[in-house]
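Enquirer: My questions will all concern the structure given below.
Each value in this text was obtained by applying a stated rule to the coordinates, not by laboratory testing. Keep in mind the model is a prediction, meaning the values are calculated, not measured. Here the Cβ positions follow ideal geometry from the backbone for every residue, glycine too, while neighbour counts run over all protein chains shown.
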Amino acid sequence: MDYDFSNKVVLVTGASAGIGEAIALLFAKLGAKLSLVGRNEANLRAVAAECEKQKGVKPLAIVADLGTDEGVQKTAKETLDHFKRLDVLVNNAAIGVATYILHDTDMQLFDDVFRINVRGVYQLTKLLAPALIETKGNIVNISSVVATMVSVGSLPYGMTKAALDHFTRLVSLELAPKGVRVNSISPGITVSEFVKRVTGFSQDQYLEFLKTFSKKIPMGEPCVGDDIARMVVHIASDHSRLVTGTVVEIDGAYRFSGPTPQSALQKK
Ligand SMILES: NC(=O)c1ccc[n+]([C@@H]2O[C@H](COP(=O)([O-])OP(=O)(O)OC[C@H]3O[C@@H](n4cnc5c(N)ncnc54)[C@H](OP(=O)(O)O)[C@@H]3O)[C@@H](O)[C@H]2O)c1
């Protein structure tokens, strides 16, 4: 199967690191015109430069906080002003917060994780849906297996991903008659900056975490960003032309492996 995105405009949020970076790079290799979003300008520009090297197409780099109305509005406006169209929206940016109901957690953290992982996605999708209807484009939401896995210590992040998956289903039904597909891709443990940001682990502690958790993954290894990116490209392509409202899990069967040890994601 071939994938050609050379006439397509693809917006990837959270493209300055991890899975979003891998998604951006793969779309760049397939010739897409890219709009890339993140808060860390240096990282975002480095990823944009790497994307430009693939096929010589310069991405639009948008420094914006998708946890704010201004950041979301800026992202939608600059993308449409620049490209005049949108074919694929990849809602990938998210933060993690791992806590317990019995812990004394600052409610600000609860608000932050819902603002970025749910409200930002809702608002950006709302602003860009008309453009996607014009191109009969599609939306790929990056979820997580913790949306359905029940493990102590996944609050409230797991709740945001469960909300995101239901958002996928609801919006897919509304936009199906308009020719727009909406899907979730749900990674299991994937090598990135994410766990280090949640836990404050050093690189050595993170490598230890990956080693310990690989034993819990039935297929024996964590995903890398490219595993997720390849499925995003497939779902976003015409090869998936009637696929909508689905949640595709990529996790080496990790979701069947039972509860996560209580202390796994706690700050050191
Ligand atoms: N890694 C895993 O094991 C795993 C497993 C399941 C699901 N996921 C999901 O996969 C997606 C990508 O995660 P990752 O592992 O690649 O994490 P990551 O390495 O921490 O990258 C997260 C990206 O999101 C961006 N971001 C975060 N908050 C933002 C905000 N307010 N505004 C704009 N950009 C923001 C970050 O950019 P800046 O720092 O530049 O803002 C970064 O580019 C997330 O939806 C995550 O929930 C990850």
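Enquirer: Calculate how steeply helix 69-83 sits against the longest principal axis of the alpha-carbon atoms of the chain, using the helix alpha-carbon long axis, and give the answer as 0 to 90 degrees to the nearest 10.
Expert: 40
Enquirer: Further question: For segment 9-256, what is the percent of antiparallel DSSP beta bridges, rounded to the nearest 5?
Expert: Antiparallel bridges: around 5 percent, rounded to the nearest 5.
Enquirer: Where does helix 157-175 land angle-wise versus the long Cα axis of the chain, in degrees 0 to 90, nearest 10?
Expert: So the helix axis and the longest Cα principal axis differ by about 30 degrees.
Enquirer: What order do you get for 229-238, 95-104 when each peptide is scored by the mean count of other beta carbon atoms within 10 Å, highest first?
Expert: Listed from highest to lowest mean packing, they are 229-238, 95-104.
Enquirer: Decide, for segment 128-233, between rounded, prolate and oblate: order the square roots of the alpha carbon gyration tensor eigenvalues as a ≥ b ≥ c, take rounded if a/c falls under 1.5, and otherwise choose prolate if a/b is larger than b/c, else oblate.
Expert: prolate
Enquirer: Using alpha carbon centroids, what distance separates segment 177-240 and segment 83-157, in Å?
Expert: 15
Enquirer: Another one. Hey, what's the per residue convex hull volume over the C-alpha atoms of the chain, in cubic angstrom?
Expert: 122
Enquirer: For segment 9-256, what is the charge dipole size about the Cα centre, in debye to the nearest 20, if Lys and Arg each add +1 at the Cβ and Asp and Glu each add -1 at the Cβ?
Expert: Here the size comes out at about 700 debye.
Enquirer: If R0 is 35 Å, what FRET efficiency do you get for Glu208 and Glu174 from their C-beta distance, rounded to 0.05?
Expert: 0.20
Enquirer: Expressed as a rounded percentage, what relative contact order does the chain have, with Cα pairs under 8 Å and six or more residues apart?
Expert: It rounds to 20 percent for the chain.
Enquirer: Another question, then. For Ile250, what residues show an amide H to amide H distance below 5 Å, using hydrogens built from the backbone and excluding near sequence neighbours?
Expert: The answer is Ser186, Gly188.
Enquirer: What is the order of Leu109, Leu155, Leu128, fewest Cβ neighbours within 10 Å to most?
Expert: Listed from fewest to most nearby Cβ atoms, that is Leu109, Leu155, Leu128.
Enquirer: Which one, Phe209, Val232, Val243, projects farthest toward the positive side of the charge dipole computed for segment 201-248 from Cβ point charges (K/R +1, D/E -1)?
Expert: It is Val243.
Enquirer: Taking the Cβ of Ser172 as the centre, find all other residues whose Cβ is under 12 Å away and add up their charges (Lys, Arg: +1; Asp, Glu: -1).
Expert: +1
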